[in-house]
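First the structure, in the form of structure tokens, and then the observations on it.
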Amino acid sequence: MDPTEIILLDGGMGTMLQAAGLPLGELPEVWNVMQPQTVSTIQRRYAEAGSKVLYTNTFGANRCKAAGCGYDVEELVTAGVRCARRAAEGFDGVRVALDIGPTGRLTEPLGDLSFEEAYDIFREIVTAGAAAGADLIVIETMSDLGEMRAAVLAAKENCDLPVWATMTFEASGRSFLGVTVGAMALTLTGLGVDALGFNCSLGPKELLPLVEELRRWTDLPLILKPNAGLPDPATGEYRITPAEFAAELAKAPEKGASILGGCCGTTPVFIRAAAKALSGVRPAARRDTVRGGVCGSTGAVELNGVRVIGERINPTGKKRFQQALREGDIDYIVARGVEQQDAGADILDVNVGLPGLDEPELMRRAVKALQGAVDLPLQIDSSDPRAIEAGLRAYNGKAVVNSVNGKKEVLDAILPLCKKYGSAVVGLCMDENGIPQDWRGRVAIAKRILDAALSYGIRKEDVLIDCLTLTVSAQQGQAAETLRALRAVKEELGLRTVLGVSNISFGLPARENITVSFLTQALYAGLDLPIVNPNQSAVMDAIAAFRVLSGEDKDSEDYIRRFANVTAEAAPAVKDGAELSLGEAILRGLTAETAALTEKALGKMDELTAVDRLLIPALDRVGERYEKGEIFLPQLMKAAGAASAGFEVIKTRIANRGGATVSKGKIILATVRGDIHDIGKNIVRVVLENYGYTVIDLGHDVPPQTVVETAVRENVKLIGLSALMTTTVTSMAETITALRKSGHDCKIMVGGAVLTEDYAAEIGADYYAKDAKQGADIAKKVLG
Amino acid sequence: MEARLDRIPRGETLRYLRYRGGELGGESLAELDRCETLLLQTARPRLVWRLFSLEADGTLAGTDYRPAGEDIRAFLSDCDSVVLLAATLGAEAEALIRRAAGRDMAEAVILDAAGSAAVERVCDIFCGDLAETLAPRFLTDRFSPGYGDMPLSDQRALFRVLDVSRRIGVTLSESALMIPQKSVTALIGVSDRPQPKRAGGCESCGMREDCAWRKEGKSCGSN
């Protein structure tokens, strides 16, 4: 692609087909087969108007949208490419782009479309389009970065054609899904698309400011294919004239966009006007310094100052964490993520490696679950390339990989993954000979890692170096070497630096003093990304102070905000004079107090007694009050939240002692297939967990087979099913039938807005639970 | 007519929470305030609508869509046109509610209820605006896929005709449920005669036999 040339794209297709008689609501791609002449004629008019790239009429030719239209995806795509090829005949240098639009479904975690299924949907289109002779792939009108990623990977892994990618944004600077320009640019640039930009959404005038934002995040060619302004809501007609459109679009080259066209509402007349307005125009040279950064599924974190990497998702030395991993308790991991986000982490390190466990699968699940709960970028931390790839493939956004080192076989195994999935990478300053004791040795390894990364096509700004912290009580001289190496990597190699800080103080009393002091010195030496425990306020305070002193925190705004509420924060609520009982603390939903009082009670009794004599009776009283209508749902949930803080104290104590989990038995909960309403099931889960049951939560949209398999494998005697819609009660009935057919001995309870006692009996359930309290009563009856 | 959300009706939120008049202490009120504020800050309400005239057989002119079921035909019997509407609070509000569930279920249930109240409020404001715009003509209430005998699958046709996904970012799951969940689609009839209040009543509701509110002698259209 010649960056000094403007490439003119085509204009709207849907608009033109409707004008030619396509009824609103009918699948336009059917006309590729039924009326190919009409489709080709429209495209030919675009070529005559000056378009150098013709998009195929295949925007909706995917198996979701084309279901029931009478043709399969391959037929629609093949016919679509043929139409465009015919239209391009006789025009010099006119290329045919296979147009791929969204599936109309939303990817997980908000939606029900898995990455794998999305990938397969796009793979089908790409394969057919490439075979039919498309010259390039254009993925457009995406607002979900997860769906976009699946489409780009499907394109890059199944053909060799160039890939262009455009998304739909609103004037707010975000897509419908909340994706920022930065997140889009970092992810797509990382994945190695050939050009990127915006289409549809708004008119050219509204999109130009977004182009200016985009150029700050990427050095790739930029695409702009806007609508003809905004449509009149009552009639659906677009408002601006071809001349107005062309005049605005002609401003795009000076903003940095060089691949230009029109979307909804634009016609060959618009493109002709644009061709005229753009004739002789050359794109302005782009000399921006591109921002470096990483991102989650919507937001970007620019790496232009101190950014905190939270270290708490790591089983090393944490018995409770190890227990959670062994039990597959992903919620525990997610809670550690949420906690660190609340404490101010910018990026979360994710390490789920424990001998004997399936680390790739755990990594995949942890990444997905964490991305459903926090929007921070993740750092995939493993020494197993398979776990790294599993994490990267599942990850929506641009991640960091932790880590490679100077060993050639490690570099050759992991760097290609970073390149393919577009992640940044942490390089540790060590190799087969260990950690050099002299700072120069570490810098030399850093240089070797950088060179290797560059040779794999990884950008320099995506290489982060960890000069390694050694424990000062064991090797006192090494603290200074680390700092020296850090400064040299930063200044001489011009790379960003990462450092795990906490390790420095191991084995010394009052560790925090040493940790914070070392952290401050490291920051001064040029540390960008400290890996720390953000829950330690002294650590976060030191970073906040450093940002003020370095000038990063302009006018000390963040610092002032951080400490503004310190005095205003109310002391824990305790009853005047008299001490609060554990029961009252739970009833009032006081989390910290419940934990403290549980701790105290454990001085006088063992864990099981505390559960049976204190926690459960307190919950029973809360439940009674709820049944009588004295308290309502949020209060019940508050109490449940407080009680779980008490349970967590007990679980941690038992895990630290190496004892078995306290559990009154296992219960499966699932929202049945086709239903996405989670909240009722989640309420029941919280209450059941509080009563000491181990809940296996299969989530929503769960196929009957998954319920049966889990029930049999885990030998679960009580199954709870939830369905909110009349339509999904059918799949509840199917799930019950499947359970009965399997011969597995279990009781089934059901709940949901449309269910009744009679209805539950009719579909073969053993119990109907009208609310969470009844669910707990049933569990008591069945499991004790 | 832009999507607007000025406030979240507290009474509606409490109704969705099945509040039955127990003690509502200062902490609960503060929590409700906090959740409403959070939701108002996070929601990015959007809507898309379009006016169609009705052909004799009930098809929307210029489209291939004919709303299914007897109930909608009765509902529109006085009308010569219909407005299709889709409205949503947006994906950020959805994420807010979802994420709360992993952190604090008390907050999650309030946000969920307030979200339902909020999207209805967006629709109410829209209908007020629409009534003004189309005056002196009259509007029916809102009728949505899933009401009466109109199947949920009508959602797909409605989505295609209004191009809902592209215009406001709402998608359909495999089983035709809307995501973000805090979204509404509706048909609103336009007539020369005043229209009785109907869609909110229990008569047209497919859930009338099983409805928990009805069992308590109330309806979901009343407080």
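The values are calculated or read from the model by the stated rules, or taken from the named source; none is laboratory data. Everything quoted here is computed from the prediction, not taken from an experiment. With ideal geometry, Cβ positions are generated from the backbone for all residues, glycine too; neighbour counts draw on all protein chains shown.
Taken over segment A:621-658, the criterion of being β-branched (Val, Ile, Thr), within 29 Å of A:ILE333 (Cβ to Cβ) and not in a helix (DSSP H, G or I) is satisfied by no residue. In segment A:660-677, the count of residues that are more than 9 Å from chain B (Cβ to nearest Cβ), of a type in the set (Ser, Thr, Tyr) and buried (at least 24 other Cβ atoms within 10 Å of the Cβ) is one or more.
You will find that of A:THR694, A:THR728, A:THR756, the residue that is in contact with a Ser or Thr (Cβ under 7 Å, 6 or more places away or on another chain) and within 12 Å of chain B (Cβ to nearest Cβ) is A:THR728 and no other.
The requirement of being loosely packed, with under 14 Cβ neighbours inside 10 Å, more than 14 Å from chain B (Cβ to nearest Cβ), at pLDDT 90 or above and touching a helix residue (DSSP H, G or I) at 6+ places or on another chain (Cβ under 8 Å) is satisfied by A:ALA538.
Would you be able to say whether some residue in segment B:16-23 is over 25 Å from B:ASP129 (Cβ atoms) and at pLDDT 95 or above?
Taking every residue of segment B:16-23 in turn, none turns out to be over 25 Å from B:ASP129 (Cβ atoms) and at pLDDT 95 or above.
Output the residue which, of all residues in segment A:741-784 that are of a type in the set (D, E, K, R) and farther than 24 Å from A:LYS664 by Cα, is modelled with the highest pLDDT.
Of everything passing the filter in segment A:741-784, A:LYS741 is modelled with the highest pLDDT.
Report whether or not B:ARG73 is surrounded by fewer than 19 Cβ atoms within 10 Å (Cβ to Cβ), at pLDDT below 95 and assigned to a helix (DSSP H, G or I). Criteria met by B:ARG73.
Which residue, of A:ALA444, A:ALA390, is buried (at least 19 other Cβ atoms within 10 Å of the Cβ) and away from chain B (no Cβ under 14 Å)?
A:ALA390
Return the residues of segment B:102-116 that are outside any loop (DSSP other than H, G, I, E, B) and facing chain A (nearest Cβ under 7 Å); say none if nothing qualifies. Answer for segment B:102-116, where residues must be outside any loop (DSSP other than H, G, I, E, B) and facing chain A (nearest Cβ under 7 Å): B:MET105, B:ALA106, B:ALA108, B:VAL109, B:ILE110, B:ASP112. Comparison of A:GLY129, A:GLY146, A:GLY133 shows that the only residue that is among the small types (Gly, Ala, Ser), in contact with a Cys (Cβ under 9 Å, 6 or more places away or on another chain) and either surrounded by 18 or more Cβ atoms within 10 Å (Cβ to Cβ) or in the same structural domain as A:ALA49 (by TED's automatic domain parsing) (or both) is A:GLY129.
Please note which helices (runs of 4 or more DSSP H) are completely contained in segment A:671-784 and include at least 3 residues that are out of contact with any strand residue (DSSP E or B) (no Cβ under 7 Å at 6 or more places or on another chain), under 30 Å from A:VAL649 (Cα atoms) and in contact (Cβ under 8 Å) with a residue 60 or more places away in the chain. Show your work before the answer.
Details: elements: A:679-690, A:704-713, A:726-742, A:757-762, A:772-783.
Qualifying helices (runs of 4 or more DSSP H): A:679-690, A:772-783.
Within segment A:239-261, being without any contact (Cβ under 8 Å) to a residue 40 or more places away in the chain and closer than 19 Å to A:TYR46 by Cβ holds for A:ILE240, A:THR241, A:PRO242, A:ALA243, A:ALA246, A:ALA250. As a summary of the residue check, A:THR235 satisfies the conditions (1) over 22 Å from A:GLN18 (Cβ atoms); (2) modelled with pLDDT under 95; (3) within 14 Å of chain B (Cβ to nearest Cβ) except for the one numbered (1).
Anything in segment A:548-578 that is at pLDDT below 90 and surrounded by fewer than 10 Cβ atoms within 10 Å (Cβ to Cβ)? List them, or say none. Within segment A:548-578, A:ALA564, A:ASN565, A:VAL566, A:THR567, A:ALA568, A:GLU569, A:ALA570, A:ALA571, A:ASP576, A:GLY577, A:ALA578 qualify.
Table: residues versus (1) modelled with pLDDT under 95; (2) under 19 Å from the mean Cα position of the chain (by Cα); (3) assigned to a helix (DSSP H, G or I); (4) closer than 21 Å to A:HIS677 by Cα.
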{"site": "B:GLU31", "(1), (2), (3), (4)": "yes, no, yes, no"}
{"site": "B:LEU38", "(1), (2), (3), (4)": "no, no, yes, no"}
{"site": "B:VAL82", "(1), (2), (3), (4)": "no, yes, no, no"}
{"site": "B:GLU94", "(1), (2), (3), (4)": "yes, yes, yes, yes"}
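Going by what's in this entry, would A:PHE59 be described as assigned to a loop (DSSP other than H, G, I, E, B), closer than 28 Å to A:LEU260 by Cα and in contact with a strand residue (DSSP E or B) (Cβ under 6 Å, 6 or more places away or on another chain)? So A:PHE59 passes the test. One residue alone among A:LEU177, A:LEU210 is more than 24 Å from A:TYR456 (Cα to Cα), in contact with a Gly (Cβ under 7 Å, 6 or more places away or on another chain) and modelled with pLDDT under 95, and that residue is A:LEU177.
Every condition in (1) assigned to a helix (DSSP H, G or I); (2) touching a helix residue (DSSP H, G or I) at 6+ places or on another chain (Cβ under 8 Å); (3) surrounded by fewer than 18 Cβ atoms within 10 Å (Cβ to Cβ) is met by B:LEU14 except one, and the failing one is (3).
In the set A:GLY280, A:GLY265, which member is on the phi > 0 side of the Ramachandran plot, more than 14 Å from chain B (Cβ to nearest Cβ), more than 31 Å from the chain's Cα centre (by Cα) and not aliphatic (A, V, I, L, M)?
Exactly one residue qualifies, and that residue is A:GLY280.
The sole residue among B:ARG99, B:ARG137, B:ARG121 that is within 10 Å of another protein chain (Cβ to nearest Cβ) and not β-branched (Val, Ile, Thr) is B:ARG99.
Scoring A:GLY68 on the criteria (1) assigned to a loop (DSSP other than H, G, I, E, B); (2) without any contact (Cβ under 8 Å) to a residue 24 or more places away in the chain; (3) more than 14 Å from chain B (Cβ to nearest Cβ) leaves a single failure, condition (3). Considering the conditions (1) among the small types (Gly, Ala, Ser); (2) buried (at least 22 other Cβ atoms within 10 Å of the Cβ); (3) more than 13 Å from A:LYS225 (Cα to Cα), A:ALA257 is excluded by exactly one of them, (3). Among the criteria (1) touching a helix residue (DSSP H, G or I) at 6+ places or on another chain (Cβ under 9 Å); (2) more than 7 Å from every other protein chain (Cβ to nearest Cβ), the one B:ALA30 does not fulfil is (1).
Of the candidates A:LEU224, A:LEU220, A:LEU177, the single residue that is assigned by TED's automatic domain parsing to the domain that holds A:ALA47, touching a Leu at 6+ places or on another chain (Cβ under 8 Å), part of a strand (DSSP E or B) and over 30 Å from B:ALA131 (Cβ atoms) is A:LEU224. Only one of the listed residues (A:GLN323, A:GLN341) is polar (S, T, N, Q) and touching a Lys or Arg at 6+ places or on another chain (Cβ under 9 Å). That residue is A:GLN323. Entry remark, segment B:152-175: residues being more than 7 Å from chain A (Cβ to nearest Cβ) and modelled with pLDDT under 90 number 1 in total. In segment B:58-70, the qualifying residues are those that are outside any loop (DSSP other than H, G, I, E, B) and at the interface with chain A (Cβ under 10 Å from one of its Cβ atoms), and the one that is farthest from B:ARG18 (Cα to Cα) is B:THR63.
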